[in-house]
Amino acid sequence: MRLIKSVLIILTLFSACNKKKDFLDIKILGHAGMGLSIQNSFYHDNSLESIDLALSMDGCDGVEVDVQMSKDNTLWLYHDPFLENQTNLSGCIADKNNDELSNAKYKSMHKEKLIRLDEIDFNKLQNKFLLLDIRHFNNCLNTSVNINDFVASLIALNLSSEIKIRVILKNSSWINNFTNSGFEVIYEAFDLADWNNTISIYQHLKGLIIKNADITKTQLNEVKTNQKEVYLFEMRAPKSIKKALLKKPDAIITDDLRASILEKYK
Amino acid sequence: MKFKFIILLFFIKSHFLIAQNKERQVSVNLTYTKMDLFIGCSFIDKRNAMDHEYSIHTGITKFFFQSSLFPMIQYNYTYNFLKKQNMRLGPCLIVNMAILNLKTTKSNFHYYPETLIGYKFSYGNKIGVIHKSAIGVLFEGFKDYLSNPKWVNTFSYNFNIGIYYAID
């Protein structure tokens with residue numbers, strides 16, 4: 001009898017911990033496809049295969065990708081500053097032309113190709129989010145790439161208005177160039193003080209993107225009450241995904257897409 | 001005459017069955033895979049140099065941290081080329097099948113069949129330890145957001161440790 005009581009108490013506690021949360025308004029976006037450097041990702045981040053797999057999944061509301069510009073002013077998807085970190089080439093994307101980059105392959109099991117932004121199947125992004133993390137710095141030459149060329153290359157893609165595009169910038173001096181060209185910009189802040197400084201100058205910013213650990217729920221609500229979108233990133237474990245969802249941001253950019261979908265809908 | 005022959009056949013068969021050196025074991029084990037760390041139990045049927053192992057598992061992260069079942073069934077065949085009094089070692093073939101329901105607005109089952117080859121090592125008598133390591137191919141199959149079937153595959157691995165108990 002005592003055993004049955006104990007089992008019932010444990011089951012009650014278990015089900016109480018599992019009570020349904022309302023996370024349905026929060027968008028789930030894949031970080032560079034299926035996640036960045038995550039063990040259960042089938043493909044390398046920013047590869048066509050990874051992005052395609054993420055966008056195929058029911059429950060995925062879009063993806064974030066890392067964009068860098070080549071010597072030929074073409075936009076390529078790559079996360080790290082140096083090519084030798086992840087591919088069979090060395091140097092920086094900004095110093096390579098398209099012919100060289102088209103031969104680049106990741107050092108992964110599938111040897112996925114480095115891809116251009118326009119290689120993504122935009123049909124799969126209809127009514128979904130595409131977050132473009134702009135990598136403006138050429139680490140080989142320690143200079144920024146040409147901003148006007150960058151914006152022009154993005155405009156030339158003529159992306160469908162059905163795709164919810166957000167440009168992520170860390171460099172606040174680039175904000176006006178993108179917003180003046182009609183792009184909706186979200187600013188990647190180190191902390192809330194950084195955000196407050198930036199928003200006081202650039203009030204037309206669409207929103208804030210910040211690490212999950214660097215913002216509290218109260219601070220997040222403060223940003224949202226000013227009609228700004230909030231995106232959280234850097235979460236892998238179920239615990240950190242749950243913490244992020246409980247803060248009620250507009251979207252999370254997750255490194256474990258399956259776990260995040262499960263956490264949102266369970 | 002016919003009856004005597006059947007009885008004789010029965011005794012010969014029984015003799016061979018005993019000579020086959022059958023043994024059955026149960027085990028509890030942990031399996032580290034590409035998708036999760038699984039905990040489970042197995043039934044092992046040993047016949048001479050061959051082991052047939054049937055297991056059921058659940059993913060620990062999904063079960064304990066996300067309150068969702070991530071069941072996996074496994075069949076493992078081992079041929080023990082090294083078979084001593086209390087030690088067995090040999091190559092093994094592992095076939096896994098795991099299922100995860102991502103429970104979006106509708107049932108959203110993801111299937112994870114997996115085939116691996118590696119080795120299995122066991123040490124002990126009545127009670128002992130088992131270790132398996134294997135590499136292979138993992139598939140993921142699901143219905144995409146347009147309800148079309150989609151399959152992808154990748155390299156995978158299994159590392160398993162467990163404790164067994166010989167039941168006869």
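Listed values, structure above:
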{"read-out": "Exercise: per-residue mean of other protein chain Cβ atoms within 10 Å, B:62-70", "value": "4"}
{"read-out": "The stretch A:25-265: proportion of alpha-carbon pairs further apart than 25 angstrom, %", "value": "40"}
{"read-out": "J(HN,Hα) series, the stretch B:84-92, from Karplus relation 6.51 cos²θ - 1.76 cosθ + 1.60, nearest Hz, glycine and proline x", "value": "10, 3, 10, 9, 9, 8, x, x, 9"}
{"read-out": "DSSP bridge orientation in the protein assembly as shown - percent antiparallel, rounded to nearest 5", "value": "75"}
{"read-out": "Inter-chain Cβ neighbour average for residues B:102-108, partner chain, 10 Å", "value": "6"}
{"read-out": "Most mobile listed residue (B:Leu82, B:Leu93, B:Leu37) in chain B, GNM with C-alpha springs under 10 Å", "value": "B:Leu82"}
{"read-out": "Mean separation of Cα contacts under 8 Å, 6 or more apart, over the residue count of chain A: relative contact order %", "value": "20"}
{"read-out": "Residue with peak Gaussian network fluctuation, chain A [Cα springs, cutoff 10 Å], from A:Ile201, A:Ile168, A:Ile28", "value": "A:Ile201"}
{"read-out": "Number of partner chain Cβ atoms within 10 Å, mean per residue of A:257-266", "value": "6"}
{"read-out": "Alpha carbon centroid spacing (whole Å) that separates the stretch A:55-74 from the stretch B:20-46", "value": "42"}
{"read-out": "Relative contact order (%) - chain B, alpha-carbon pairs under 8 angstrom, separation at least six", "value": "19"}
{"read-out": "Cα-based Rg and Dmax for the protein assembly as shown, where Dmax is the largest Cα-Cα distance (Å)", "value": "27.4, 107"}
{"read-out": "Other-chain or far-sequence residues with amide H under 5 Å of B:Phe38's (modelled H)", "value": "B:Thr31, B:Tyr32, B:Thr33, B:Ile60"}
{"read-out": "From phi via Karplus (6.51, -1.76, 1.60), per-residue ³J(HN,Hα) for the stretch A:105-120 in Hz, x at Gly/Pro", "value": "10, 6, 7, 10, 4, 8, 6, 5, 7, 6, 10, 7, 4, 6, 7, 5"}
{"read-out": "Two-site FRET efficiency, B:Leu89 against A:Asn139, from Cβ-Cβ distance with R₀ of 56 Å, rounded to 0.05", "value": "0.65"}
{"read-out": "Max mean-square fluctuation residue, GNM over chain A, Cα-Cα springs under 10 Å, options A:Met69, A:Met109, A:Met235", "value": "A:Met109"}
{"read-out": "Antiparallel bridge percentage (DSSP; both residues within the stretch A:25-265; nearest 5)", "value": "20"}
{"read-out": "Stokes-Einstein translational diffusion, the stretch A:153-225 - Kirkwood Rh over all Cα pairs, 0.890 mPa s, 25 °C, in µm²/s", "value": "186"}
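Every number in this text was worked out from the coordinates using simple rules, so none of it is lab data. Note that the coordinates shown come from a computational prediction; the quantities given were computed from them, not determined experimentally. Cβ: placed from backbone, ideal geometry, glycine included. Neighbour counts: every protein chain shown.
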